[in-house]
Amino acid sequence: MNPPRIHLAQLPTPLVCMERLSRELGGPRIWLKRDDLTESAASGNKLRKLEYSIGEALTQEASVLITAGGVQSNHCRATAIMAARLGLKSHLVLRGKPPSSTDGNLLLDTLAGAEITFATRDEFQNLEDQFLRIADEYRSRGDMPFIIPIGASDEIGLWGYIECARELKKDFDYQTINPGYVISAAGSGGTLGGLILGNYLHALDTNIVAFNVCDDEAWFKQKISTDIEHWQQRYKSIVPKIPVNELAINIIDGYVGPGYARADQHVYDTIKRIARTEGIFFDPVYTGKAFDAMLQEYSNGRFDDTRDIVFIHTGGIYGLFPEREQFINETIAES
Ligand SMILES: *Cc1c(COP(=O)(O)O)cnc(C)c1O
């Protein structure tokens, strides 16, 4: 038996070697798992998780998907687009004030017809209350709401990256590589949690490592072990018993910088470097910050005990546009 799932993502995504960058760096080869190619406008890691969250919503005959995130949330954008694709409504709770311009992900949310509630930091602290209030409103109008947590990171969404690990196993066999590390950004923990479980279930035999872009190591360890315990509980009739305490949750803390969705110039420089060297675009909130952190650890020799490392490109390109000033100013200064 399998958990409910609806196929939304273009899978499998490619695993490609960053040839020029790896040569420039001279250490282990860096490969990218192109999860930025899971779709077009709806692309990124969230789509893998939403296959299960929305799969579950459909078994409950939901007519509206309610979720939350930052103003430039990739997860909210993917949810809004997939709701439209499936003939459902979407309602997003976004943290912060309505911005002066409707840019990046927020533009796509709006075009896809999402209902949007902006929540102050305090209101966002009580997100559960917000969710319940909005769900009640929909119910009173005859709709069937389904709440998806931030980042679709819960025991349901975990399946997305458990299945990605299965895909990676095939990628490694096909490329005849045995990477010592599979690396990603961690924001709400579902990608890392799923990869950790998948590494165990599908015997990837690698180290799963993530750079947190918000909060800290303790928060992620708590969040991920809770999600895994809930997963074990919810699916106990279809999954083997996992020694949860023996699963390593490897978070490399210390690269959050000025804060969530705020980056140092170093991150912008790395984004520019990768765009020019490889024609690949990272975003300032997740992939650019984590990749920049990975390069720093790389040059300190952290990954020298292996020949290949894999970075999961989790998407996020629309997050570049609202940060255009960070790139434009520099270009003017150069000329
Ligand atoms: C959400 C997101 C992440 C983080 O994934 P989590 O599962 O929330 O930890 C990384 N990269 C991008 C582009 C994202 O949108």
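The values are calculated or read from the model by the stated rules, or taken from the named source; none is laboratory data. A quick note: this is a predicted structure, and the numbers were derived from the prediction, not measured. Cβ: placed from backbone, ideal geometry, glycine included. Neighbour counts: every protein chain shown. To get the accessible areas, we keep the full protein, side chains included, count just its heavy atoms, and leave off ligands, DNA and RNA. Shrake-Rupley method; radii C 1.70, N 1.55, O 1.52, S 1.80 Å.
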Restricting to Cα pairs under 8 Å and 6 or more apart, the percent relative contact order of the chain works out to 20
With +1 at each Lys and Arg Cβ and -1 at each Asp and Glu Cβ, the charge dipole magnitude of the chain around its Cα centre, to the nearest 20 debye, comes out at 580
Here the relative contact order (percent) of the stretch 154-267, from C-alpha pairs under 8 Å and at least 6 apart, is 29
Percent antiparallel among DSSP beta bridges confined to the stretch 1-119, rounded to 5, stands at 20
If each K or R counts +1 and each D or E counts -1, the residues other than Gly180 whose Cβ falls under 14 Å of its Cβ total -2
Taking a crude spin-label model, label points 7 Å out from Cα along the C-beta direction, the Trp219 to Ser40 distance in nm is 3.6
By accessible area (1.4 Å), largest first, Arg20, Arg276 order as Arg276, Arg20
Normalised Cα Rg of the chain, dividing by 2.2 N^0.38 Å with N its residue count, works out at 0.97
Per 5 angstrom bin, beginning at 0 and ending with the bin that holds the maximum distance, the Cα pairs of the stretch 2-150 fall in percents of 2, 10, 17, 19, 17, 13, 9, 6, 5, 2, 1, 0, 0
Per the helix-only model, the chain has a calculated mean residue ellipticity at 222 nm (DSSP H runs of ≥4, -39500 (n - 2.57) each, divided over all residues, rounded to the nearest 500) of -13500 deg cm²/dmol
Check: in the chain the Lys pairs 8 or more apart or on separate chains whose Cα atoms fall under 17 Å apart number 7
The FRET efficiency for Ser237 and Thr110, from their Cβ-Cβ distance with R0 = 51 Å and rounded to 0.05, is 0.75
Distance in Å, no decimals, from the C-alpha centre of the stretch 35-98 to the one of the stretch 192-216 is 23
Averaged per residue, the 1.4 Å probe accessible area of the stretch 229-335, protein heavy atoms only, in Å², is roughly 52
Answer in debye to the nearest 20: the dipole magnitude of the stretch 219-335 about its Cα centre, from +1 Lys/Arg and -1 Asp/Glu charges placed on Cβ, is 520
Applying the gyration tensor rule to the Cα atoms of the stretch 226-318 (axes a ≥ b ≥ c; rounded if a/c under 1.5, else prolate if a/b exceeds b/c, else oblate), the class is prolate
Mean separation of Cα contacts under 8 Å (at least 6 apart) over the residue count of the stretch 197-335, i.e. the relative contact order in percent, is 23
Applying the gyration tensor rule to the Cα atoms of the stretch 83-133 (axes a ≥ b ≥ c; rounded if a/c under 1.5, else prolate if a/b exceeds b/c, else oblate), the class is oblate
